[in-house]
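Let me begin by presenting the structure, written as structure tokens, before commenting on it.
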Amino acid sequence: MPNAITPAVEEYLEAIYKMSLEGQVIAARLAERMNVSPPTVADMLRRLTENGFVKVSRREGVQLTRKGNETAESLVRRHRLWERFLTDVLGLDWGEVHEEACRLEHAMSPQVEEKLAQILGNPETCPHGFPIPGTKKARQRDRDAVPLSQLCVGDEGVIERVTEEEPKLLQYLATLGLFPDARVKVKEIAPFKGPMLVRVAGSQYALGQEVASKIMVKGSK
């Protein structure tokens, strides 16, 4: 099979891998995630199936095969290592690194991947808090984190990760100090699913429910 793994194939495998950690993957949601039409997704899924990367069924949806999962994990690992390098070493803003890492991950050899991890001190998470495949944290598959929007007044916890990679949102959260490992406490919640008043690093901020739903917190009490 001539060059089965193209950058387009890699992008789909990454998307399916990330979505599978959230729940069942269906073609319609995959089309939304990739921002393409359903026929385009159907064509790619046929290609991925033919090359042994995925299995598709009405009952189970889209599932990665062992081959597909190994390929996707390798890509996600490279991507998140590059994000760490870009923030920790080059000093880029955490809202800028996703797109840059997308460009770099496709041309990375295993040797460079290994050296990059060593230079970075073998980090376990990306700047946004997601576990890097191949680390202890990734193997644990911690599912205890819940959206900040689900907490009640008086609840508090530590930010585990931010699920949205949109640069403007990440830049906004950075101005509030809402990074992974920051402790946050809910002080007030406006009626009828209104904004939440949260306390972080000694300051209080109002967050809309949509924004709060993208901030995963653990250890709430």
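Computed values, structure above
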item: The one condition in (1) in contact (Cβ under 8 Å) with a residue 12 or more places away in the chain; (2) farther than 22 Å from Asp88 by Cα that Cys126 fails to fulfil; result: (2)
item: Boolean, Glu156 is open to solvent by 50 Å² or more (accessible area, probe 1.4 Å), at pLDDT 90 or above, among the acidic types (Asp, Glu) and closer than 30 Å to Ala212 by Cβ; result: no
item: Residue within region 104-115 that is surrounded by 15 or more Cβ atoms within 10 Å (Cβ to Cβ), modelled with pLDDT of 90 or more and of a type in the set (Lys, Arg) present; result: no
item: Filter result for the condition that a residue is modelled with pLDDT of 85 or more and open to solvent by less than 30 Å² (accessible area, probe 1.4 Å), over Leu120, Leu148; result: Leu148
item: Hits in region 179-213 - residues which are farther than 15 Å from Val153 by Cα and surrounded by 15 or more Cβ atoms within 10 Å (Cβ to Cβ); result: Phe179, Pro180, Ala182, Val211, Ser213
item: Any hit, region 167-177, residues being in contact with a Leu (Cβ under 7 Å, 6 or more places away or on another chain) and crowded, with 19+ Cβ neighbours inside 10 Å; result: no
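The values are calculated or read from the model by the stated rules, or taken from the named source; none is laboratory data. Computed from a prediction, not measured in an experiment: that's the story for all the values here. All Cβ positions, even for glycine, are placed from backbone atoms using ideal geometry, and neighbour counts span all protein chains on display. Only protein heavy atoms, including side chains, enter the accessible area calculation; ligands, DNA and RNA are left aside. Shrake-Rupley method; radii C 1.70, N 1.55, O 1.52, S 1.80 Å.
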